[in-house]
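Peer 1: Dropping a structure here in structure tokens format, bear with me for questions.
The values are calculated or read from the model by the stated rules, or taken from the named source; none is laboratory data. Just so it is clear, the structure is predicted and the values come from calculations on it, not from any experiment. Reconstructed Cβ throughout: ideal geometry from the backbone, glycine too, with neighbour counts over all protein chains shown. Surface accessibility is based on the protein's heavy atoms, side chains included, excluding ligands, DNA and RNA. Shrake-Rupley method; radii C 1.70, N 1.55, O 1.52, S 1.80 Å.
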Amino acid sequence: MKLIYVFDAYCGWSYGFARTMADVAHRHPDLPVEVVSGGLFLGGRRVPIRQFGYVQGANAEITSRTGAPFGESYERLIADGEFVMDSEAAACGMAALREVAPDRAVRLAALLQEAFYLDGLSLSEVSTYRVVAQRAGLDGDAVEAALDRVSAADDFQRARELGVTGYPTLLASFSGERVVTLVAGNASADEVERRIGALVS
């Protein structure tokens with residue numbers, strides 16, 4: 001069995017789920033985890049953030065339910081409503097980080113979201129990935145070079161093949177044939193643990 005974690009770096013609920021995902025990975029160090037980027041803000045949804053009037057209220061609920069904090073730098077970034085979230089750029093960045101350190105994808109996904117939701121760094125800027133690389137102890141030049149090679153298309157296609165349309169989604173895959181949804185939205189690590197246990201018992 002392996003886990004498949006489908007998230008969007010610009011999805012607040014994915015950010016809130018990061019702690020759970022880290023706990024699950026820590027509890028199962030021998031269980032492979034495939035991290036896939038979804039496409040929440042693409043096409044006509046790549047618009048100034050003020051057009052998503054629910055963001056502030058959703059963020060408050062995310063903090064209430066998951067404990068995930070939102071940083072002052074992030075609040076300043078979105079305050080005027082002009083910032084545009086681009087899931088394709090974020091997915092490319094995640095793909096570059098994953099290429100350089102594939103065995104650390106869960107941690108890198110969390111660091112990427114912290115760069116946005118805590119530090120207010122745009123996931124469309126190359127400099128952001130250098131910051132994430134430094135925090136992860138990776139070679140920033142290698143990550144930047146990978147950015148020139150990767151695309152988001154494979155991740156988006158993978159998410160479609162899995163039938164995932166909401167984020168975060170955590171799946172359990174058995175020999176690539178049977179795929180079971182463990183989480184669609186939010187859950188604690190203990191809840192995930194119980195669901196994994198029910199599958200392998």
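Peer 1: How much accessible area per residue does the chain have, in Å², with a 1.4 Å probe?
Peer 2: Roughly 47 Å² per residue, with all protein chains present.
Peer 1: Hey, another quick one. Testing the spin-label approximation: label points 7 Å from Cα along Cα→Cβ at E75 and H28. State their distance in nm.
Peer 2: About 3.7 nm separates the two model spin labels.
Peer 1: Another question, then. Considering just Cα atoms, how many Å³ per residue does the convex hull of the chain enclose?
Peer 2: That works out to 113 Å³ per residue.
Peer 1: While we're looking at this one, here's another question. Ignoring ligands, DNA and RNA, what percent of the 1.4 Å accessible area of the stretch 96-201 is carbon and sulfur?
Peer 2: Solvent-exposed carbon and sulfur of the stretch 96-201 make up 45 percent of the total.
Peer 1: Stretch R50-V131 to full length: gain in nm at 0.36 nm per residue minus the Cα-Cα span?
Peer 2: Separation in residues times 0.36 nm, less the Cα-Cα distance, equals 26.5 nm.
Peer 1: Follow-up. Would you look at the GNM of the chain, springs on alpha carbons closer than 10 Å, and say which of G71, G81, G44 moves the most?
Peer 2: Largest GNM mean-square fluctuation: G44.
Peer 1: Among G53, G140, G185, which one moves the most in a GNM of the chain with springs linking Cα atoms closer than 10 Å?
Peer 2: It is G53.
Peer 1: Put a dot 7 Å past each Cα toward the Cβ at V200 and E161; how far apart are the dots in nm?
Peer 2: 2.5 nm
Peer 1: Taking R0 as 41 Å, what FRET efficiency do you get between E144 and T181 from their Cβ-Cβ distance, rounded to the nearest 0.05?
Peer 2: 0.70
Peer 1: Kindly report, to the nearest 10 Å², the accessible surface of S124 as traced by a 1.4 Å probe over protein heavy atoms only.
Peer 2: Estimated to the nearest 10 Å², S124 gives 60 Å².
Peer 1: Same structure, new question: So how tilted is helix 189-200 from the main axis of the chain? Cα-based, degrees 0 to 90, rounded to 10.
Peer 2: Helix 189-200 and the main axis of the chain meet at about 40 degrees.
Peer 1: Moving to a separate point now. How do Y54, Y5 stack up against each other in accessible area, from largest to smallest, with a 1.4 angstrom probe?
Peer 2: Result of the area sort, largest leading: Y54, Y5.
Peer 1: What does the helix-only formula give at 222 nm for the chain: each DSSP H stretch with n ≥ 4 adding -39500 (n - 2.57), the total divided by the residues, and the result rounded to the nearest 500 deg cm²/dmol?
Peer 2: Result for the chain: -15500 deg cm²/dmol, rounded to the nearest 500.
Peer 1: Between helix 126-136 and the chain, what is the angle of the helix's C-alpha long axis to the longest principal axis, kept within 0 to 90° and rounded to the nearest 10?
Peer 2: Helix 126-136 and the main axis of the chain meet at about 50 degrees.
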